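Okay, so here's the structure we're looking at.
FYI, it's all coordinate maths here, none of it is from the lab. Note that this is a predicted model, so its numbers are computed, not measured. Every residue, glycine among them, receives a Cβ derived from its backbone with ideal geometry; neighbour counts consider all protein chains shown.
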């Protein structure tokens, strides 16, 4: 049997969608691991044979079938014998649009009608074995977010299988880092809010991200939030964050900024006094659970705790504004200060009818910060001030500079 090489998966799909694709993956039919290594390929796969091309470093995986043997997305046994066919390999993939191959002459091999589903803008599972891998719930949600701008929808029967995975309890076997990986990838899409809508629709949001799920159905004061529902507001804020920034850290902070409203006692609804402080612990819990990187965690906590001060900037005293700069570590980390402003601006815009409004807070914050940062304190050193006395005088000068800008803005 001759060895055959096929381009598969995302690269083929993206070419058909006329979208750029970063990675080019290959499947190899009829080869043994020994034959691959004899040709100079470097073995890298842990669970099954995957090889790196000696020159391009692209991934080449031996065609394989799989059999479910244990819970979770890692509970599979793989067969990579040389008699495994291309069609059998494609059958184990998640969606028909990802189960198209292309041979070395450019011919497409599409046994599961992925091209038709691309034309019809449908995300459809390849086979009933879809239910064996709980990670597919997250992957389909991410693809729904990634291709939402093209009009892709999840097939009803596929959504039903996703619900079946959730109700079986399999979704609870997902490794935290893998969940974060999919969540993070979704934040980089054009419509990350779709990812969370899909998870909610199939019941996975309640299990994986209960802090976000419990925001739905929680009312807010209609005067400030015409959309009323906190969950809807949260996804609207995420949409606005996408328009304002490509930064996943900003988008994550926007997503979790109102978690405290999910803990407001019902008798206090629709008001949420102190929700910014209540939100700190659930943000920490979420970040700890998924081992979310430090930079994401720090920005999310700052936005959660201080977004109301952002909205009330015109009411704050110069001393309070300067203290806020210190809490944000703005003088040492101006780039994170900008991230804070973007996430908070998304909060302002993530409300029905206010998406395109002009808000004064970003300009005021930047003006006050520029004034405080531009203070000349060289004369303090000449006076011999040191330690706390030196630091206190700088704070006074910064506060005076903010005061001057505040007066000029009246």
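At a glance:
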item	result
Fewest-first ranking of 379, 225, using other Cβ atoms within 10 Å as the exposure measure	379, 225
Principal-axis tilt of helix 318-327 within the chain, Cα atoms, nearest 10 degrees	30
Residue-averaged [θ]222 nm for the chain, counting only DSSP H segments that reach four residues, each worth -39500 (n - 2.57)	-15000 deg cm²/dmol
Gaussian network model of the chain, springs between alpha carbon atoms under 10 Å - residue of 351, 124, 333 with greatest fluctuation	333
Dimensions in Å of the range 187-321 - Rg and Dmax from alpha carbons	14.6, 49
Taking 348, 167 and counting other C-beta atoms within 10 Å, the order from fewest to most	167, 348
Rg/Rh ratio calculated on Cα atoms of the range 34-143 (Kirkwood radius)	0.98
Using alpha-carbon coordinates, inclination of helix 176-187 to the longest axis of the chain, degrees	70
Percentage relative contact order, the chain, counting C-alpha pairs under 8 Å, at least six apart	10
The range 88-220 - percent relative contact order, Cα under 8 Å, separation 6 or more	22
Anisotropy class of the range 160-211 from Cα gyration tensor, a/c 1.5 cut	oblate
Cα-based equivalent ellipsoid of the chain: semi-axis lengths in Å, sorted from largest, via gyration tensor	50, 26, 19
Using alpha-carbon coordinates, inclination of helix 192-202 to the longest axis of the chain, degrees	60
DSSP bridge orientation in the chain - percent antiparallel, rounded to nearest 5	80
